Amino acid sequence: VDGIDLRVERGQIFGVLGPNGAGKTTTMKMLATLLEPTEGGARVLGYDVVREAREVRRRMGAVLSDGRSLYWKLTARENLEYFAALYHVPAADASARIATALQAVKLDDRSDDYVERYSTGMRQRLVLARALLPDPELLLLDEPTVGLDPQSARDLRDRVRDLRAQGRTVLLTTHYMEEADRLCDRVAIMDH
């Protein structure tokens, strides 16, 4: 990734559009503090992603597109209980946050089903619920609708709009022009 300069305003959905291999996921991993930039710098919510990585992670939820990120032999609720503990959600708040997250992604009626019985779209919504557990100001969504059927993709886009309505900031990568056009307040294009 070479020479990116982005500014995302609070409370908006900002899209990063581009083909596979353009560096969208690498950029998201740097912003999520999973990769250190080899040069240059980045700030998220005013915090340096290298020097203040813990503060960045405290205020962010991330849905990254690289592999399985749920435990399929657990129920949705059990997954969220586990991740709530990892995210240091106070025990007194965990049950309410889990219920709120499940309701936000419309999985509250299936919360006691095993994840292995979920469709791909349901799993993707559960990953979004997991990202909501720390009650983040910012959500990074890396190609969240890839591989979803049209109805599941539409439902996930509706959930993203709900996040903006709550005042959250969303940074979204996609290679679907129509998705960026429908969802985003602003768009940057990455290529080469």
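Annotations for the structure displayed:
- Applying the set (1) charged (D, E, K, R); (2) touching a Phe, Trp or Tyr at 6+ places or on another chain (Cβ under 7 Å); (3) free of Cβ contacts under 8 Å to residues at least 60 places away in the same chain to ASP93 leaves exactly one unmet item: (2).
- Candidates ASP149, ASP181, ASP162, filtered to the one that is at pLDDT below 95, within 27 Å of TYR82 (Cα to Cα) and among the acidic types (Asp, Glu): ASP162
- Condition broken by GLU36, with the remaining ones in (1) buried (at least 19 other Cβ atoms within 10 Å of the Cβ); (2) outside any helix (DSSP H, G or I); (3) more than 16 Å from the chain's Cα centre (by Cα) satisfied: (1)
- Only residues that are touching an Asp or Glu at 6+ places or on another chain (Cβ under 6 Å) and either at pLDDT below 95 or open to solvent by less than 20 Å² (accessible area, probe 1.4 Å) (or both) were counted across segment 46-62, and they come to 1.
- Segment 74-89: number of residues that are outside any helix (DSSP H, G or I) and either among the aliphatic types (A, V, I, L, M) or modelled with pLDDT of 95 or more (or both): 3
- Counting the residues of segment 63-84 that are open to solvent by 30 Å² or more (accessible area, probe 1.4 Å) and either farther than 23 Å from LEU171 by Cβ or touching a strand residue (DSSP E or B) at 6+ places or on another chain (Cβ under 6 Å) (or both) gives 10.
- Test: residue in segment 15-23 that is farther than 17 Å from PRO144 by Cβ, crowded, with 18+ Cβ neighbours inside 10 Å and modelled with pLDDT of 95 or more: no
- Residues in segment 1-33 that are assigned to a loop (DSSP other than H, G, I, E, B), touching a residue at least 60 places away in the same chain (Cβ under 8 Å) and of a type in the set (Lys, Arg): ARG10 only.
The values are calculated or read from the model by the stated rules, or taken from the named source; none is laboratory data. Computed from a predicted model, the values in this text were never measured in an experiment. Cβ atoms come from the backbone with ideal geometry, glycine included; neighbour counts cover every protein chain shown. Remember, those area values only see protein heavy atoms, side chains included, never the ligands or the DNA or RNA. Shrake-Rupley method; radii C 1.70, N 1.55, O 1.52, S 1.80 Å.
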